[in-house]
1. Only one of SER152, SER140 is hydroxyl-bearing (Ser, Thr, Tyr) and under 18 Å from ALA49 (Cα atoms). Can you tell me which?
2. How many residues are part of a helix (DSSP H, G or I) and surrounded by fewer than 19 Cβ atoms within 10 Å (Cβ to Cβ) if we restrict to segment 54-68?
3. Can you name the residue in segment 84-134 that is of a type in the set (Ser, Thr, Tyr) and not in a helix (DSSP H, G or I) and is also surrounded by the fewest Cβ atoms within 10 Å (Cβ to Cβ) among such residues?
4. Does segment 142-149 contain any residue that is of a type in the set (S, T, N, Q) and surrounded by fewer than 15 Cβ atoms within 10 Å (Cβ to Cβ)?
5. Might you check whether a residue that is among the aromatic types (Phe, Trp, Tyr), in contact with a strand residue (DSSP E or B) (Cβ under 9 Å, 6 or more places away or on another chain) and in contact (Cβ under 8 Å) with a residue 24 or more places away in the chain occurs anywhere in segment 77-89?
6. Give the residue, chosen from LYS59, LYS98, LYS87, that is of a type in the set (Lys, Arg), farther than 20 Å from MET149 by Cα and in contact with a Ser or Thr (Cβ under 8 Å, 6 or more places away or on another chain).
Amino acid sequence: MKNKIKVLLSSLLPAVFLTIGSLAQAQTTKEEFLSKWNNSKQFTLDVLAKMPDSGMDYKTDPGAMSFKEQIHHIGSAIIGISQGFLKGSSDTPSLDVKTATRAQLAEFVGKAYDYGAASIKSLSAADEAEVIEVFGNKVSRRQVEALLMDHSTHHRGAAIAYLRANGVEPPAFVGF
């Protein structure tokens, strides 16, 4: 019986400590998130700046987005999701990706990240905690903020792969 109790306790104690540790490391604060958001913005602009003009229309597959479209998609998704789910204003930046220059694309992406940041800043704690329906899921607006970061990271990662496929060394990762 003592052995069973020892085994049970030795199994449960690590789980208890892991649970307590995860609770202590709750969601980041809004200020921490926005700091990381600004780093994401700069990293995305750095990735865009690295691609030579000859690679802007590069695609890994005929059905894939081009490099230019990947970068544009990051910005347009930030705007659409912020406006649709984070109470973003109706005054949104826009860009015709087909005719856009690199400079125009960079300006658009910068404005998109700024628009996302402004939308997030304007949310109260209650707004962020509110559970809403997003793409068929019931999630908090705070989860939508995390989705924006994940989505940006995903498409920037694809753009980095496009850089490598064109023999271009991507910019160094920016963690914080």
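1. Details: SER140 fails: under 18 Å from ALA49 (Cα atoms).
Just a single option satisfies the conditions, and that option is SER152.
2. 2
3. Within segment 84-134, the subset of a type in the set (Ser, Thr, Tyr) is 89-90, 92, 94, 99, 101, 113, 115, 119, 122, 124.
If we keep only those that are not in a helix (DSSP H, G or I) too, we end up with 89-90, 92, 94, 99, 101, 124.
Values: SER89: 11, SER90: 5, THR92: 15, SER94: 10, THR99: 7, THR101: 10, SER124: 10.
The qualifying residue surrounded by the fewest Cβ atoms within 10 Å (Cβ to Cβ) is SER90.
4. Applying the first criterion (of a type in the set (S, T, N, Q)) to segment 142-149 yields 143.
Of the ones still in play, those that are also surrounded by fewer than 15 Cβ atoms within 10 Å (Cβ to Cβ) are none.
Checked segment 142-149: no residue is of a type in the set (S, T, N, Q) and surrounded by fewer than 15 Cβ atoms within 10 Å (Cβ to Cβ).
5. Going residue by residue through segment 77-89, those that are among the aromatic types (Phe, Trp, Tyr) are 85.
Cutting the leftovers down to in contact with a strand residue (DSSP E or B) (Cβ under 9 Å, 6 or more places away or on another chain) gives us 85.
Narrowing further to those that are in contact (Cβ under 8 Å) with a residue 24 or more places away in the chain: 85.
The answer is yes, given that some residue of segment 77-89 is among the aromatic types (Phe, Trp, Tyr), in contact with a strand residue (DSSP E or B) (Cβ under 9 Å, 6 or more places away or on another chain) and in contact (Cβ under 8 Å) with a residue 24 or more places away in the chain.
6. On the way: LYS98 fails: in contact with a Ser or Thr (Cβ under 8 Å, 6 or more places away or on another chain); LYS87 fails: farther than 20 Å from MET149 by Cα.
LYS59 is the lone residue from the list that is of a type in the set (Lys, Arg), farther than 20 Å from MET149 by Cα and in contact with a Ser or Thr (Cβ under 8 Å, 6 or more places away or on another chain).
Residue by residue, here is whether (1) over 28 Å from the mean Cα position of the chain (by Cα); (2) loosely packed, with under 11 Cβ neighbours inside 10 Å; (3) modelled with pLDDT under 95 holds:
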| site | (1), (2), (3) |
| --- | --- |
| ASN3 | yes, yes, yes |
| LEU8 | yes, yes, yes |
| SER11 | yes, yes, yes |
| PRO14 | yes, yes, yes |
| ALA26 | no, yes, yes |
| SER40 | no, no, no |
| THR44 | no, no, no |
| PRO52 | no, no, no |
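The values are calculated or read from the model by the stated rules, or taken from the named source; none is laboratory data. None of these values were measured; they are calculated from a predicted model. Backbone-built Cβ (ideal geometry, glycine too); neighbour counts: all protein chains shown.
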